[in-house]
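Structure, as structure tokens:
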Amino acid sequence: MPRQIAAPRGTHDLLPEDARSWERLEGLARDLANRYAFERIDTPIFERVELFARGLGEATDAVEKEMFRVSGPAASDEQAAEWALRPEPTAGIVRAYVEHGMHVQPGPLRLWMLGPMFRYDRPQAGRYRQFTQWDVEVLGDPGPMVDAELIELAHRFYAEAGVQNVVAHLNSIGDATCRPGYRQALVDYFSANEVRLTDDSRRRLATNPMRVLDDRLLDPDLAAGAPRALDHLCDACRAHFAAVRGLLDALGLRYELDHRLVRGLDYYTRTTVEFFVAGREGQQQALGGGGRYDGLAELLGGRPTPGIGFGIGIDRTALAAREQGVADPEPTPLVVVVSADPDAFEPRLRVAGSLREAGLRVRVDGSSRKLGKQLESAAKVGARWAVIVGEELERGMVVLRDLTAGEQRALPLDEVAAAID
Ligand code: HAM
């Protein structure tokens with residue numbers, strides 16, 4: 001027998017038994033996007049490597065270590081170097097915004113996307129090589145109100161998803177005015193303590209010193225004494241952050257300041273945020289995250305446009321919901337259409353069609369077995385009801401059988417939907 005083929009490491013099949021909880025989360029995402037007046041955008045799953053290198057930053061894990069390269073059939077090295085599967089959606093959305101001149105539309109623009117992202121990371125619980133994000137972005141709004149509005153939106157998503165005890169970790173990492181001073185303060189501090197850094201951090205110190213704070217192996221005492229971004233904000237960034245906090249406080253939204261929250265991508269400015277179930281703040285456990293990126297559009301060749309957004313990990317939210325025992329929604333009752341005449345295929349299909357038209361969830365028995373056998377397998381596939389098609393169909397009648405109670409009665413076909421609760 002040929003050998004079986006396994007799914008690639010770090011991916012997971014969404015099997016029917018898990019699909020209902022996913023559909024619930026995806027449905028909630030779509031519904032909330034509508035309630036918050038966001039419009040859908042879809043960008044390609046692969047983009048030019050240059051977009052990510054420039055947008056997210058060369059010295060980020062996503063670009064440096066985790067890029068899935070894509071090549072055409074010729075598979076020349078040149079092509080493989082050209083495209084990559086998207087590690088995240090923001091760069092592609094801002095590219096589309098710039099490419100299509102969307103700045104001329106009455107703004108601010110509010111966009112959402114739902115789809116798979118790819119990072120060639122070491123797979124572990126909650127960290128996959130292919131995962132799904134619900135992403136929202138607002139372009140053209142300098143805040144601070146929208147910063148609070150988006151944090152409120154994320155909190156509402158988790159609350160309506162049934163995930164309890166979610167806390168936002170919050171920081172502000174400044175802008176082009178104050179960031180250079182903060183970076184220098186970090187370089188000075190960590191250079192003086194270089195022997196206590198991991199190899200990774202020593203490398204980052206030269207390329208991307210803020211990411212040293214992101215190193216989960218960083219000595220906790222060293223981390224605690226590190227310069228804080230909030231102490232280095234310029235007046236404008238400080239005022240912005242104070243206003244965001246003021247709004248969150250007034251709305252009673254739960255957050256904690258997190259001085260190490262610098263985020264893994266270079267495009268961020270000012271507000272940064274990540275969402276956790278309180279007490280589960282390990283590196284792989286963020287249920288979502290995002291922040292402001294006021295310089296990104298310009299970096300991608302557009303005009304200066306403030307931006308802010310977040311991505312919610314659907315995989316991790318589904319895991320958290322399951323851990324917290326959130327029940328999946330019940331499917332609508334299943335009906336199976338069977339017939340007394342084992343070969344009455346056409347009438348079965350016709351009846352199934354009209355029940356489906358009435359909105360019912362319907363399977364048709366496709367076998368030529370006796371009625372008793374058809375009813376048995378209807379019960380096995382979980383049907384609550386069977387509709388038995390017989391000669392009375394000529395008069396527009398069928399028999400509706402309650403498979404749980406074992407009772408049945410004849411009624412007009414067009415009354416079946418109303419008879420099923
Ligand atoms: P991110 O923090 O890299 O941000 O990802 C957002 C969320 O996606 C994470 O909090 C997590 O729930 C989920 N996620 C990330 N990587 C994985 C993985 N390997 N396996 C499973 N889930 C994962 C961004 O991607 C930004 N684009 C968010 C944003 C939007 N910032 C501004 N706008």
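The values are calculated or read from the model by the stated rules, or taken from the named source; none is laboratory data. Everything quoted here is computed from the prediction, not taken from an experiment. Neighbour counts are summed over all protein chains in view; Cβ atoms, including those assigned to glycine, are modelled from backbone coordinates with ideal geometry.
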- prompt: So is GLU26 of a type in the set (Asp, Glu), assigned by TED's automatic domain parsing to the domain that holds VAL146, touching a Phe, Trp or Tyr at 6+ places or on another chain (Cβ under 8 Å) and not in a loop (DSSP other than H, G, I, E, B) or not?
  reply: yes
- prompt: Take the residues of the range 52-94 that are in a helix (DSSP H, G or I), more than 13 Å from the ligand (Cβ to nearest atom) and aliphatic (A, V, I, L, M): which is modelled with the highest pLDDT?
  reply: ALA53
message: If I filter the range 158-168 for residues that are crowded, with 21+ Cβ neighbours inside 10 Å, in a helix (DSSP H, G or I), on the phi < 0 side of the Ramachandran plot and within 16 Å of the ligand (Cβ to nearest atom), do I get at least one hit?
response: yes
- line: Among (1) among the basic types (Lys, Arg); (2) at pLDDT 95 or above; (3) touching a helix residue (DSSP H, G or I) at 6+ places or on another chain (Cβ under 6 Å), ARG35 falls short only on (3)
task: Quick one: ASP219 ticks every box in (1) closer than 25 Å to VAL166 by Cβ; (2) not assigned by TED's automatic domain parsing to the domain that holds PHE157 except a single one, so which number is it?
output: (1)
field: Residue in the range 30-37 that is acidic (Asp, Glu), in the same structural domain as VAL138 (by TED's automatic domain parsing) and assigned to a loop (DSSP other than H, G, I, E, B) present
entry: no
query: Which residue out of LEU287, LEU334 is touching a residue at least 60 places away in the same chain (Cβ under 8 Å) and either more than 10 Å from the ligand (Cβ to nearest atom) or not basic (Lys, Arg) (or both)?
result: LEU287
query: If ASP200 passes every condition in (1) buried (at least 20 other Cβ atoms within 10 Å of the Cβ); (2) over 23 Å from LEU153 (Cβ atoms); (3) modelled with pLDDT under 90 but one, which one does it miss?
result: (1)
- prompt: SER21 is checked against (1) small (Gly, Ala, Ser); (2) in a loop (DSSP other than H, G, I, E, B); (3) in contact with a helix residue (DSSP H, G or I) (Cβ under 6 Å, 6 or more places away or on another chain); (4) more than 27 Å from GLY264 (Cβ to Cβ) and fails just one. What number does that condition carry?
  reply: (2)
query: Does the range 173-192 contain at least one residue that is within 32 Å of the chain's Cα centre (by Cα) and under 30 Å from ASP315 (Cβ atoms)?
result: yes
Whichever residue in the range 290-326 is aliphatic (A, V, I, L, M) and farther than 23 Å from ARG122 by Cβ and, among such residues, is farthest from the ligand (Cβ to nearest atom): VAL326
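For the range 114-148: of the residues being over 20 Å from ILE314 (Cβ atoms) and surrounded by fewer than 18 Cβ atoms within 10 Å (Cβ to Cβ), which is farthest from the ligand (Cβ to nearest atom)?
The qualifying residue farthest from the ligand (Cβ to nearest atom) is MET145.
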- line: In the range 234-280, residues that are under 27 Å from GLU323 (Cα atoms), touching a strand residue (DSSP E or B) at 6+ places or on another chain (Cβ under 6 Å), more than 15 Å from the ligand (Cβ to nearest atom) and outside any strand (DSSP E or B) total 2
- prompt: Mind checking which residues of the range 31-55 are within 17 Å of the chain's Cα centre (by Cα) and in contact (Cβ under 8 Å) with a residue 40 or more places away in the chain?
  reply: LEU32, ALA33, TYR36, PHE38, GLU39, ARG40, ILE41, ASP42, THR43, PRO44, ILE45
